[in-house]
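Below is one structure; the comments refer to it alone.
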Amino acid sequence: MKAVITAIGGFVPTSILNNKTISETVETTEQWIEKRTGIKERRIAVGKSTSDLACGAIENLISNYDVDASEIEVLILATATPDHVLAPTASKICELSGLKNAFGFDMNAACSGFLYALEMGATMIESGRYKKIIVVGADKMSSIVDYEDRNTCILFGDGAGAVLLEKTETEYGLMKSILKTDGSGTESLIVPAGGSKFPASMQSILHKKHYIKQDGSFVFKRAVEAMSNISKDVLISNGLDADEIDWVIPHQANLRIINAVSENLSIDNKKVKVNIERYGNTTSATIPLCLWDYAADFKEGQNLLITTFGAGFSWGATCLKWGVMRERKSQKSNKTIQKRKVFEPQLS
């Protein structure tokens, strides 16, 4: 028995923070940001929380596919930006999304969170104890970004993506995964305060310890190395050669990282799915948003390679053979087009 993706949903806010606005706030230029990161704009969830984003993705999934919310048994939420330290954000999502017969829990592995959660969901399906599981990756990164810090404010955006996992006895579905953790990299990408080690205080607020801090060059090098090596290892583990991969779905952190990894794997860039120019780094949401954006390109029986790297350090890779999607309720896309708004960060 294997776990296969049978439906996909996504949600991004309508408010947009483009490079021009950032260049008016910190010392940089539109061209420099795009050249260094590949990002042109990112979505910002004004007045919304992570649970709102996740519910939007689940609603999109259920409204587009023939899915009965009452049949969902488990909700796994991958996020680094929960609504509250306590209680779990998954609980609120179950309530708001009408998943009345599901239990839910949060998982935090930063940018690798969705892949970790996908592996967890797959093993639960493979155990035979569960038949239908929704895995969501959602983050409101704007809530932990200092818009006066050029090193981080150019990178991150908000969004959510969701997939439905179901059991199958066919050849389709998730194959073997390899996941890794190296705690020695913790200080290189971290929000220092707000947890049990450094609780919130007047000093932590004054010194902006509740925002992301990153050693960009070190993280960049480790990401390229880790994603490249673990992707090679997972291909060997699944008995696949690089030329047998039809599509690569990499974590969308930086276009230069993505290009370096595809080059190290000797995989044509045309096979690599990229949407970072529109969304930036949405952390737990990058992989499912990529699946959502390009779902129409994936054909039954094709091999996909997913690879990630994030804070922790956490990283991993998996392969999956694309299966048969559930019947769509309408051939017309349910992605609502709304008037685009430009978000302007409020500086203290």
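The values are calculated or read from the model by the stated rules, or taken from the named source; none is laboratory data. Nothing here was measured: the structure is a model prediction, and the numbers come from that model. Quick reminder, even Gly has a Cβ in these numbers, built from the backbone with ideal geometry, and neighbours come from all protein chains shown. SASA here: full protein model, heavy atoms, side chains in, ligands and nucleic acids out. Shrake-Rupley method; radii C 1.70, N 1.55, O 1.52, S 1.80 Å.
Determine if segment 256-276 includes at least one residue that is over 27 Å from SER49 (Cα atoms), open to solvent by 20 Å² or more (accessible area, probe 1.4 Å), in contact with a strand residue (DSSP E or B) (Cβ under 6 Å, 6 or more places away or on another chain) and assigned to a helix (DSSP H, G or I). Checked against the condition, which is being over 27 Å from SER49 (Cα atoms), open to solvent by 20 Å² or more (accessible area, probe 1.4 Å), in contact with a strand residue (DSSP E or B) (Cβ under 6 Å, 6 or more places away or on another chain) and assigned to a helix (DSSP H, G or I), segment 256-276 yields at least one hit. Scanning segment 242-256 for residues that are within 30 Å of LEU77 (Cβ to Cβ) and free of Cβ contacts under 8 Å to residues at least 40 places away in the same chain yields a single hit, GLN252. In segment 293-316, of all residues being open to solvent by 30 Å² or more (accessible area, probe 1.4 Å) and among the aromatic types (Phe, Trp, Tyr), the one that is nearest to LEU77 (Cα to Cα) corresponds to TRP315. Of note, LEU77 satisfies the criterion of being crowded, with 19+ Cβ neighbours inside 10 Å and within 20 Å of MET120 (Cβ to Cβ).
Candidates are the residues of segment 205-255 that are over 30 Å from GLU171 (Cβ atoms) and touching a Leu at 6+ places or on another chain (Cβ under 8 Å); the one that is surrounded by the most Cβ atoms within 10 Å (Cβ to Cβ) is ALA253. Filter segment 277-291 for residues that are over 8 Å from the mean Cα position of the chain (by Cα) and assigned to a helix (DSSP H, G or I) and give the result. Within segment 277-291, GLU277, ARG278, TYR279, CYS290, LEU291 meet the criteria.
Quick check on segment 11-18. Is at least one of its residues in contact (Cβ under 8 Å) with a residue 40 or more places away in the chain, open to solvent by 10 Å² or more (accessible area, probe 1.4 Å), out of contact with any Lys or Arg (no Cβ under 8 Å at 6 or more places or on another chain) and farther than 30 Å from GLN302 by Cα? Scanning segment 11-18 turns up no residue that is in contact (Cβ under 8 Å) with a residue 40 or more places away in the chain, open to solvent by 10 Å² or more (accessible area, probe 1.4 Å), out of contact with any Lys or Arg (no Cβ under 8 Å at 6 or more places or on another chain) and farther than 30 Å from GLN302 by Cα.
Do we have any residue at all in segment 49-57 that's farther than 23 Å from MET227 by Cβ, open to solvent by 50 Å² or more (accessible area, probe 1.4 Å), touching a Pro at 6+ places or on another chain (Cβ under 7 Å) and touching a residue at least 40 places away in the same chain (Cβ under 8 Å)?
Residues of segment 49-57 farther than 23 Å from MET227 by Cβ: 49-57.
Retained after the next criterion (residues that are open to solvent by 50 Å² or more (accessible area, probe 1.4 Å)): 52.
Next cut, touching a Pro at 6+ places or on another chain (Cβ under 7 Å) only: none.
The answer is no, given that none of the residues of segment 49-57 is farther than 23 Å from MET227 by Cβ, open to solvent by 50 Å² or more (accessible area, probe 1.4 Å), touching a Pro at 6+ places or on another chain (Cβ under 7 Å) and touching a residue at least 40 places away in the same chain (Cβ under 8 Å).
Working only within segment 157-180, note down all residues that are surrounded by 24 or more Cβ atoms within 10 Å (Cβ to Cβ) and either charged (D, E, K, R) or within 20 Å of LYS48 (Cβ to Cβ) (or both). Those that are surrounded by 24 or more Cβ atoms within 10 Å (Cβ to Cβ) and either charged (D, E, K, R) or within 20 Å of LYS48 (Cβ to Cβ) (or both): GLY157, ASP158, GLY159, ALA160, GLY161, ALA162. In the set (1) acidic (Asp, Glu); (2) open to solvent by less than 60 Å² (accessible area, probe 1.4 Å); (3) closer than 22 Å to TYR279 by Cβ, GLU34 fails one condition alone, (2).
Of the residues making up segment 114-122, at least one is free of Cβ contacts under 8 Å to residues at least 60 places away in the same chain, touching a strand residue (DSSP E or B) at 6+ places or on another chain (Cβ under 9 Å) and open to solvent by 30 Å² or more (accessible area, probe 1.4 Å).
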